[in-house]
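The values are calculated or read from the model by the stated rules, or taken from the named source; none is laboratory data. Please read all numbers here as calculations on a predicted model, not as lab measurements. Cβ placement follows ideal geometry from the backbone for every residue including glycine, while neighbour counts extend to all protein chains displayed. Note: accessible area is taken over every heavy atom of the protein model, side chains too, but ligands, DNA and RNA are not part of it. Shrake-Rupley method; radii C 1.70, N 1.55, O 1.52, S 1.80 Å.
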Amino acid sequence: MNLSLRTILSLSWQSVAYGVGVVGSQVVVYLMLPVLTHNMSKEEYGAIPVILALFGFLNMLTNAGLPSATFQFYNNTEDEKERQLTLGGSQFLFFIFAAIPAILMVLYARQISTFLLGSEEYTLALKLVACYLLTDTMNTFGEIVLRIQVRPLISSIHSIFMMGCQMGLSILFVVKYKMGVTGYWL
């Protein structure tokens, strides 16, 4: 097999393997819609997209180019010590970039809830979102490490496992324990 065909096949395999996690997360969202709409009030269900938009904005800021910079710096050197320093520095920056907005969100959750949703009712959910922002950011760093190590299958299994846990816990907290928006984010 010539080199270009082998490269194309390898890229195709990695694209499919990494894509499973991306496609799977969207499938989970669509599978969860009827469960959530039947088990939450309109007000609660309406709060979820507003909080998701806030989370998406903060997540974009916390990851703003850091994954690409990590790949770039890591791959621009062959020195193992510099690579380790790149990953350590990246992990530190991922944490700090997420911790700052997360701390502010916890401190001002009541005000943010009132401003965005017109009620203090979602204060606890916003505090959970702050914790999730930090956790999700560190999870993103872990995915970068898996991708640097070129482990597409493990990365996809990780994504599928995370989606299954999120879906199962959402159903448990929203349907069984009737926790609404808080249960969704918990």
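Here's the list of lysines a cross-link from residue 176 could span, going by alpha-carbon distance under 29 Å and ignoring same-chain residues fewer than 8 apart: 42, 127. Heavy-atom accessible surface of residue 117, to the nearest 10 Å², is about 40 Å², with a 1.4 Å probe and all protein chains retained.
Placing a pseudo-label 7 Å from each Cα along the Cα-to-Cβ vector at residue 165 and residue 75 gives an inter-label distance of 2.9 nm.
Counting only alpha carbon atoms, the long axis of helix 3-39 and the longest principal axis of the chain meet at about 10°. Residues in the chain average 60 Å² of solvent-accessible surface per residue, probe 1.4 Å, ligands and nucleic acids excluded. With respect to the chain, whose longest principal axis is taken over its alpha-carbon atoms, helix 123-148 is tilted by about 10°.
Please give the FRET efficiency for residue 120 paired with residue 43, using the beta carbon to beta carbon distance and R0 = 22 Å, rounded to the nearest 0.05.
Numbers: r = 14 Å, r/R0 = 0.62.
Approximately 0.95, to the nearest 0.05.
Largest GNM mean-square fluctuation across 173, 95, 115, computed for the chain with C-alpha springs under 10 Å, falls on 115. Each Cα pair under 8 Å and six or more residues apart adds its sequence gap; the mean of these over the residue count of the chain is a relative contact order of 33 percent. Here segment 35-55 and segment 86-153 have alpha carbon centers that stand 19 Å from each other.
Could you work out what % of the accessible surface of segment 89-186 is carbon and sulfur, using a 1.4 angstrom probe and leaving DNA, RNA and ligands out of the count? Ligands and nucleic acids excluded, carbon and sulfur give 70 percent. Note on residue 177 and residue 140: the model spin-label points, each 7 Å out from Cα along the C-beta direction, lie 2.7 nm apart.
When the solvent-accessible surface of protein heavy atoms is calculated with a 1.4 angstrom probe, in what order do 161, 97 fall, highest first? Intermediate results must be reported in sequence, preceding the final value.
Details: 161 130, 97 90 Å².
Greatest to least solvent exposure: 161, 97.
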